[in-house]
Amino acid sequence: MNEQKRISEVIGLWKTDKKQYVKKSSFSIYALLIENHLLPEFGDLYDIEEAHVQAFVLKKIDEGLSQKTIKDILIVLKMVLKFGAKNKWLENKSLEVKFPTQRRPSKIEVLSRSNQKKIMQHIKEHFTFKNLGVYICLSAGMRIGEICALTWEDIDADAEVIRIRKTLQRIYVIEEGSRKTELILDTPKTKNSNRDIPISKDLLKMLKPIKKIINNSFFVLSNSSRPTEPRTYMNYYKSFMKELGMPNLKFHGLRHSFATRCIESRCDYKTVSALLGHSNINTTLNLYVHPNLEQKKKCIDQMLKALK
């Protein structure tokens, strides 16, 4: 075994190595989790015991962190430890960490059908480019970074598709202890996020006349060469919803609403998953497919009918 190193030293070396292979946005997330959680807890140690990690997890739950965030932190920690063990600076250990059972599954928030219709009708009657972004999200299930990155050339009115090929986000850049933010136009979240979404007939009616007169290289939300930042657009969306007297729904709720309407319309799950750009159909199933009592009853009736 080589000379043992502090966890903080191993983290520094791991970051230098990892930076060469991952997207800038992914690296910024790793760096932020390290800075905020891993270094304060484990940085001064030469070794990490499973019991310490288990206590860390329970402490973070008490502090109000979601299980998803804590699991993301542990993924980074395990990558660092594996890197340290590979280079023989740390002892190779497997960590088995338990999470308390979640009694209540988190429920996704979506617009009611009537509220969704009201919003879409309002946008038709009060057109602005920023309002159009909301309409597109409700019609295509796009993420906020994807709608902010969308340019007119990504909308093919002849083929009747929206091509998702990029995303816009402001990331933290942590260098030598100092933090700054940077706006980056990047490729989407995963390989599956690169997708073509068919344009609905109503949306096409709105887009076709505009496509004839706009600059194809301009961003859709600003209709200019400068994009609208996700945070700025989120603030606009909040004001827009408040003005219409709508529920306080997160922007991501537009995407959830799109998916829910697709499932309610009995679209097959694989197609819905592809439209959303999920890397795994299980993500779609876990989020949106929750059979109600009536559907369960129908299933049992069908089974017994087949049995007879």
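Annotations for the structure displayed:
- Listed residue (260, 278, 227) projecting farthest to the positive dipole end of the stretch 113-288, Cβ model: 260
- Where GluC sites (Glu not before Pro) fall in DSSP loop in the stretch 65-151, at most 11 other Cβ within 10 Å: 96
- Bins of 10 Å from zero: percent of alpha-carbon pairs in the stretch 89-209: 10, 29, 25, 20, 10, 4, 1
- Rounded to the nearest 20 debye, dipole of the chain from Cβ charges on Lys, Arg, Asp, Glu: 1180
- Between 167, 52, 122, the Cα set farthest toward the positive side of the dipole of the chain (charges on each charged residue's Cβ, about the Cα centre) is that of 122.
- Per-pair calculated FRET efficiency, R0 = 30 Å: residue 279 and residue 101 via Cβ, rounded to 0.05: 0.70
- Between the stretch 46-94 and the stretch 165-215, the C-alpha centres lie 33 angstrom from each other.
- Theoretical gain in end-to-end length, residue 86 to residue 181 [0.36 nm per residue, Cα-Cα removed]: 30.9 nm
- Cα long-axis angle, helix 293-307 against the chain (0 to 90 degrees, to the nearest 10): 90
- Helix 230-243 vs. the chain, principal-axis angle (Cα, 0 to 90°, nearest 10): 50
- GNM flexibility winner over the chain from 113, 163, 195 (Cα, springs under 10 Å): 113
- Nearest 10 degrees, 0 to 90: helix 113-125 Cα axis against the chain principal axis: 70
- Cβ-to-Cβ counts within 10 Å put 46, 288 in ascending order as 46, 288, the fewest first.
- For the pair residue 157 and residue 300, label points projected 7 Å from Cα toward Cβ lie 5.4 nm apart.
- The stretch 113-288: C-alpha gyration tensor shape, a/c 1.5 cut-off, then a/b vs b/c: rounded
- By the equivalent-ellipsoid construction on the alpha carbon gyration tensor, the chain comes out with semi-axes of 40, 28, 18 Å, ordered largest to smallest.
- Placing dummy labels 7 Å off each Cα toward the beta-carbon, the span from residue 51 to residue 16 is 3.5 nm.
- Gaussian network model of the chain, Cα within-10 Å springs - most flexible of 118, 298, 250: 298
- Placing dummy labels 7 Å off each Cα toward the beta-carbon, the span from residue 201 to residue 127 is 1.9 nm.
- Eligible lysines near residue 205 by straight Cα distance, threshold 16 Å, same-chain separation 8 or greater: 124
- Over 26 Å (Cα to Cα) - which of 60/88; 117/166; 86/191; 88/191; 82/107; 15/189 fall in this group: 60/88; 117/166; 86/191; 88/191; 82/107
Each value in this text was obtained by applying a stated rule to the coordinates, not by laboratory testing. Keep in mind that this is a model prediction, so the values were computed, not measured. Note that each Cβ is placed from the backbone with ideal geometry, even for glycine, and that neighbours are counted across all protein chains shown.
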